[in-house]
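Structure, as structure tokens:
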Amino acid sequence: MNKSFSFFAVLLVLVAIAVAATRAPQGEFKNLKILPKDISVEKMDSIMESYNKALGIGCSFCHAPHPTIQDSLDYASDRNEMKAEARKMMNLTIDLNQKYFYYDTTVPPVYLNLVRCQTCHRGDPYPVE
């Protein structure tokens, strides 16, 4: 009986290890609700820089100050209400592009006629309506 119990215990441990090994690795970023969870640092930096340019703002416009690290931002936090607004705008542009334009994620946006942040904002965080 000890041999069969040991066999099943070892088998259970091996199955647990196999399941843990097959899980998708978590991305570096936390609290992503629209952007892909496995986005690269380079792609994230590129997207955020495009938002900064299109709205003429800095990161602190949407991201809250870090609660414990001075002169740093807490990028995962939702404490700054502008982050929720930015997510709404991201969904709006995605929706407009999917409904009204040829939308192919494999083609770089520069080659497509797409609505982007710059389309309305033109360097202003609060565009004229």
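Considering only residues of the range 62-81 that are hydrophobic (A, V, I, L, M, F, W, C) and out of contact with any Lys or Arg (no Cβ under 9 Å at 6 or more places or on another chain), which is modelled with the lowest pLDDT? Reasoning before the result, please.
Our first condition is that a residue be hydrophobic (A, V, I, L, M, F, W, C); within the range 62-81, this holds for 62, 64, 69, 73, 76.
Those still in the list that are out of contact with any Lys or Arg (no Cβ under 9 Å at 6 or more places or on another chain) too: 69, 73.
Values: 69: 93, 73: 96.
Here the answer is 69.
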| request: Please identify the pairs in which a residue from the range 55-82 that is under 18 Å from residue 117 (Cα atoms) and open to solvent by less than 90 Å² (accessible area, probe 1.4 Å) has its Cβ atom under 8 Å from the Cβ atom of a residue that is of a type in the set (Asp, Glu) and in a loop (DSSP other than H, G, I, E, B), counting only partners at least 6 apart or on another chain. | output: 55/124; 56/124
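Starting from residues that are under 23 Å from residue 39 (Cβ atoms) and at pLDDT 70 or above, keep the ones in the range 109-129 and report whichever is most open to solvent (accessible area, probe 1.4 Å). Show your work before the answer.
Just the residues of the range 109-129 that are under 23 Å from residue 39 (Cβ atoms), to begin with: 109-112, 114-119, 121.
Subset that is at pLDDT 70 or above: 114-119, 121.
On the way: 114: 31, 115: 29, 116: 126, 117: 41, 118: 90, 119: 62, 121: 27 Å².
By that ranking, first place goes to 116.
When the range 29-50 is examined, which residues are found to be among the β-branched types (Val, Ile, Thr) and either assigned to a loop (DSSP other than H, G, I, E, B) or closer than 24 Å to residue 119 by Cα (or both)? Walk me through how you get there before you give the answer.
Of the residues in the range 29-50, the ones among the β-branched types (Val, Ile, Thr) are 34, 39, 41, 47.
Across the range 29-50, the qualifying residues are 34, 39, 47.
The values are calculated or read from the model by the stated rules, or taken from the named source; none is laboratory data. Worth saying up front: this structure is predicted, and the values here are computed from it rather than measured. All Cβ positions, even for glycine, are placed from backbone atoms using ideal geometry, and neighbour counts span all protein chains on display. With ligands, DNA and RNA removed, areas are computed over all heavy atoms of the protein, side chains included. Shrake-Rupley method; radii C 1.70, N 1.55, O 1.52, S 1.80 Å.
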